[in-house]
1. Residues of the range 29-66 with amide nitrogen under 18 Å from the 7 Å Cα-to-Cβ point of Ala312?
2. Considering just Cα atoms, how many Å³ per residue does the convex hull of the range 203-398 enclose?
3. Take the alpha-carbon centre of the range 223-256, take the same for the range 336-359, and report the distance between them in whole Å.
4. Where the centre of each part is set by its Cα atoms, how far does the range 265-334 sit from the range 118-169, in angstrom?
5. Between Asp15 and Ala286, 0.36 nm times their residue separation minus their Cα-Cα distance comes to what?
6. Using the structure shown, select from Lys292/Lys392; Lys162/Lys392; Lys330/Lys392 the pairs with a Cα to Cα distance greater than 26 angstrom.
7. Taking every pair of distinct Cα atoms and averaging 1/r, then inverting, what Kirkwood hydrodynamic radius in Å comes out for the range 327-389?
8. Counting helices only, and only those DSSP H runs with n ≥ 4, report the 222 nm mean residue ellipticity of the chain as the sum of -39,500 (n - 2.57) divided by its residues, in deg cm²/dmol to the nearest 500.
Amino acid sequence: MENLATVLLRPGEADRVAAGHPWIYRGSVLRLTRPAKDGDVVQVKDHRQRFLGIGFYNSQSKIVVRLLEAERLEINQAWFEKKIGAALELRRRRLPGATSFRLVNAESDFLSGLIVDQYEDVLVLQTSALGMDRRKAEIVAALQRLLAPRAVIERNEIASRKFEGLEDANGVLAGGCEAEFTVRLNGLGFLFQPLGGHKTGLYLDQQVNYELVAGLAKGAQVLDCFSFAGGFALHAARAGAAHVHCLEQSAEAVALAGRNAALNGLAERISQETVNVFDWLKAQTATRPHEKVAPRFDLIILDPPSFTRNRASVPDALRGYKEIHLRALKLLKPGGTLATFCCSHHVDAALFNDVITAAAADARRVLRRVATYTQAPDHPVLPVIPETEYLKGFAFEIAR
């Protein structure tokens, strides 16, 4: 292996790294033993020269090193095959039978800066770190050898790339496929546009929760807020909901959800509105003096986008979460159920629970928690890396 530049850490900075967290921030670095080029592999040692691992270096980023290995190994196609192969085996073990799932989930698969989603026989790749981006050829070759995909698509239009000095990129890296095709989640068909749509296409992290929440829907009048492409709505309708009404601000997503409902023969059980969810909930719960809101729903699903991207915006996010929960609880019938989710890493499960409890008190409702949800197992959580845990959810019954 080539002689690597060494990044020496300041005293007290090595414990977190030795425990398994892969990010080394600029402020943690004591010095480099010699200059390193951005994107190069470097070795990391503590201030006493004890070896900690190797990783990608980038002086332009706040995360100057992303650790990859605790040994000195060549980062080449064979290395990527081994790492991605291990990630694939985990998915096959934890999600047997799934044909669409997150194949590589960056830090939680020890591949910081790399995401790969599998949609049937098409792979969608994102590289959010300079070192990974410069090795796309090796990554694609490894994916082709392991999975022989029909196509490998690049969807690198994520904001975090700019912090690594990377420009947006979007296109076909290998093979080819249709502009739109059908993928299956839990046996339901969803139309997928590999080079269009939101993120890498669908919310794969909710794949397990779709079925769990659907188990609450039989015979229910359901309100699905922030419904996107219809993941919760379609599962609820298939499970026997009397009717599902969807609220979504994006007209493009509403149209796609309608097409998905028709594809699965569920259109008659699902209705949709293109609307701002906050405004709709506020209008439906507005009353005159001495009037009460007439509850209309047996099950309400809240799955909003993240309200916060950093810790500074958490107070505003909590106000937003409280508002939608307060309104939703007023629309639930006695004995009805609220299934609610938060995808912000900065709002942990305890804080999210506190917000819901406060909203219930204002709505004069007492809640009984009946289920707790987390991200699907293709988005593994490593406790030593808190950033890998972001999705949390609960189901609450109206106890009185």
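1. The answer is 62-63.
2. Numbers: hull volume 23.2 nm³, N = 196.
Per residue, the Cα convex hull of the range 203-398 comes to 118 Å³.
3. 21
4. Here the two parts' Cα centres lie 36 Å apart.
5. On the way: separation 271, 0.36 × 271 = 97.56 nm, distance 5.37 nm.
That pair, Asp15 and Ala286, stretches by 92.2 nm at full extension.
6. From Lys292/Lys392; Lys162/Lys392; Lys330/Lys392, over 26 Å: Lys292/Lys392; Lys162/Lys392.
7. Values: mean 1/r = 0.0739 Å⁻¹.
Kirkwood hydrodynamic radius for the range 327-389: 13.5 Å.
8. Numbers: 10 runs with 109 residues, N = 400.
Roughly -8000 deg cm²/dmol at 222 nm, from the helical runs in the chain.
FYI, it's all coordinate maths here, none of it is from the lab. Quick caveat: nothing in here was measured; it's all calculated off a predicted structure. We place every Cβ from the backbone using ideal geometry, glycine too, and count neighbours over all the protein chains shown.
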